[in-house]
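Notes to accompany the following structure.
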Amino acid sequence: MLNIRKLNKIINKRKILSDISLEFNEGQIYPIIGKNGSGKTTLFQCISGDLKYESGDITIKEGCKTMLAHKHGLLPVNLTGYQFMQFICENAEQKVESIDALIDETFKTVKIDEETRQTLIKEYDFISKKKLQLAQFLVQKPYVIMFDEPFDYRDETYMKEFLKVLISCKEDHIILVSTGLLDIAKMMSKDLIILDAGKSNVFSKENLRKKANKKAVLELMEDDDGELH
């Protein structure tokens, strides 16, 4: 369970989040969609505890942890992917008989090949970094995991594989994924949470079949140049 009630966040005198109230249930994936500047990252940072907020409440199941997979990585660039996962496994709460076996199994699940495992993270491309963040989640098993814009790089194979892993391990977790891609968002959940100018709206797939609602959502997703995410 993750409940947010009347959450408000102000940055540089600008209200980024305005009376946000949302409820998330265990075992579900929730797409948080909106264009740049809509407050998606700020919402995640408030949930993770990286940012303090002015007012409101965030309630998470007692004793449970969160993890925020940042849009721009924030990974230790001077370690190889394998060394990073060694550190994660050695410090994970779930102890295992063989760390090497767990690392190998996890890398195979997220499809990180042998060469990439032994490469410094600073040499990783966007997709490899996102796969490594996914591997970290699979080992640490936080109750709430937030992926910030993991689909910026629009590679269809990567997106399908990423979603397949999330769907396979969503039980006992709450998974939040921010994106500006409406089609991908609809693949994740029957409900779409849309942020616009710091306010939240929830649309179901059924509601999106109505032309007026779909048009309203598409308008919210437009960039200043008129292109859709």
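Computed from the coordinates by the stated procedures, all read-outs in this text should not be read as laboratory data. Just so we're clear, the structure is a prediction, and the values are computed from it rather than from any experiment. Using ideal geometry, Cβ is built from the backbone for each residue, glycine included, and neighbour counts are taken over all protein chains shown.
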- prompt: Taking the Cβ of Phe151 as the center, what net charge do the other residues with Cβ under 11 Å away carry, scoring Lys and Arg +1 and Asp and Glu -1?
  reply: -2
- prompt: Which whole-Hz couplings ³J(HN,Hα) result when phi for each residue of the stretch 189-197 is put into the Karplus expression 6.51 cos²θ - 1.76 cosθ + 1.60, θ = phi - 60°, listed in order with x for Gly and Pro?
  reply: 7, 7, 10, 10, 9, 10, 9, 8, 6
- line: Partner aspartates and glutamates whose C-alpha sits under 16 Å from that of Lys129, ignoring same-chain residues fewer than 8 away, are Asp113, Glu114, Glu115, Asp148, Glu149, Asp152, Asp155, Glu161
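When Rg is the radius of gyration of the Cα atoms in the stretch 1-138 and Rh is its Kirkwood radius, what does Rg/Rh come to? It would help to have the intermediate numbers written out before the result.
On the way: Rg = 17.6 Å, Rh = 17.1 Å.
Dividing the radius of gyration by the Kirkwood radius yields 1.03.
Quick one: net charge around Cys89, please, counting Lys, Arg +1 and Asp, Glu -1 for every other residue with C-beta under 14 Å from its C-beta.
On the way: positive: Lys95, Arg117, Lys141; negative: Glu90, Glu93, Glu97, Asp100, Asp104, Glu105.
Overall, the nearby charge balance is -3.
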field: Pairwise label distance in nanometres, Asn78 with Lys141, each label 7 Å out on the Cα-Cβ vector
entry: 3.3
Among Arg154, Arg14, Arg117, residue whose mean-square fluctuation peaks in a GNM of the chain (springs only between Cα atoms under 10 Å): Arg14
field: Modelled FRET efficiency - R0 30 Å, Gln118 with Lys170, Cβ distances, 0.05 increments
entry: 0.45
- request: Figure the gain on full extension for Glu156 and Lys6 (residue separation times 0.36 nm, minus the Cα-Cα span) and round it to one decimal in nm.
  value: 50.3 nm
- line: The ³J(HN,Hα) series, computed from each phi in the stretch 68-81 with the Karplus coefficients 6.51, -1.76 and 1.60 at θ = phi - 60°, rounded to the nearest Hz and given as x for glycine or proline, is 10, 8, 5, 4, 9, x, 6, 9, x, 5, 9, 10, 6, x
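For Lys95 and Lys61, compute 0.36 nm times the residue count separating them, minus their Cα-Cα distance, and round to one decimal in nm. Please report the intermediate quantities before stating the final value.
On the way: separation 34, 0.36 × 34 = 12.24 nm, distance 2.26 nm.
Contour length minus Cα-Cα distance gives 10.0 nm.
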task: Give me the number: length gained by fully extending Glu206 to Met187, i.e. 0.36 nm times residue separation minus the C-alpha to C-alpha distance, one decimal in nm.
output: 5.5 nm
field: Inter-centroid distance (Cα atoms) of the stretch 97-122 relative to the stretch 18-58, Å
entry: 31
